[in-house]
1. Within segment 135-163, name every residue whose backbone N is under 16 Å away from a label modeled 7 Å from Cα of residue 180 along the Cβ vector.
2. Using only C-alpha positions, report the orientation-averaged shadow area of the convex hull of segment 112-227, nm², one decimal.
3. Percent of alpha carbon pairs in the chain separated by more than 24 Å?
4. Only counting other Cβ atoms within 10 Å, I'd like 65, 1 sorted with the fewest neighbours first.
5. So if the hydrodynamic radius of segment 9-107 is defined as the Kirkwood radius over C-alpha pairs, what does Stokes-Einstein give as its diffusion coefficient at 37 °C and 0.692 mPa s, in µm² per second?
6. Return the distance in nm (one decimal) between the two label points of a simple spin-label model at residue 197 and residue 57, each offset 7 Å from Cα along Cα→Cβ.
7. Given R₀ = 25 Å, what would the calculated FRET efficiency be for residue 77 paired with residue 22, taking r from the Cβ atoms and rounding to 0.05?
8. Please list log₁₀ I(q)/I(0) at q = 0.12, 0.15 Å⁻¹ for segment 101-160, using the Debye equation with identical point scatterers on the alpha-carbon positions.
């Protein structure tokens, strides 16, 4: 699986912000992937941090699972130098180069991709999952553990409860309770899927844990833990 090479990566923060604004309208906010047989998830952790523009290393992980069996088919982990500085709202420019390398290691293209990060639930509607989804060209869901922007009520304590995440009058995501009485997740469109459909897939893929199973495994791998 390869991400499209549609823009340069050696950008200043100002150039990166301008690019986000240019690409955000290209995200498709509707659709429901049918006949899903393969689901992938990607996550990244920083194993060596430095201050300034360059330096440090990231560990990126990807898992590919069958659906509905939820059997692990393959998984990969790589470490890569980080070239872009830490700037809130621009994490995709820091993380995607490593994620692209690990996604390219998949032997098959998934029918659905989950990314541990924001989709359009982002100040410029172009978070990590939206950026990856546009480059991948497949249905992609942003599934984050915390809120980046917007306001939402607390969903009811039962599994499957949701509340709209709203920013400047626009619904940009859903706060989804995947496990009763446990902190909810922040779900938003990455690309080529509707918001309600994205939340439905997150719940299907999280039958027992807070995190969807593919993301849970990718999170473990990115942190250096074995499966």
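Read-outs: derived from the displayed coordinates by stated rules, not from any lab. Since we're looking at a predicted model, the values are computed, not measured. Cβ: placed from backbone, ideal geometry, glycine included. Neighbour counts: every protein chain shown.
1. Within reach of a label on residue 180: 156-162.
2. Numbers: hull surface 27.4 nm².
Mean projected area for segment 112-227: 6.9 nm², to one decimal.
3. Details: 9920 of 25651 pairs.
Tail of P(r) above 24 Å: 39 percent of Cα pairs.
4. Working: 65 22, 1 19.
Fewest-to-most Cβ neighbours within 10 Å comes out as 1, 65.
5. Numbers: Rh = 15.4 Å.
Calculated translational D: 213 µm²/s.
6. Result for the modelled spin labels: 4.0 nm.
7. 0.20
8. Debye curve over Cα of segment 101-160, log10 I(q)/I(0) at q = 0.12, 0.15 Å⁻¹: -0.37, -0.54.
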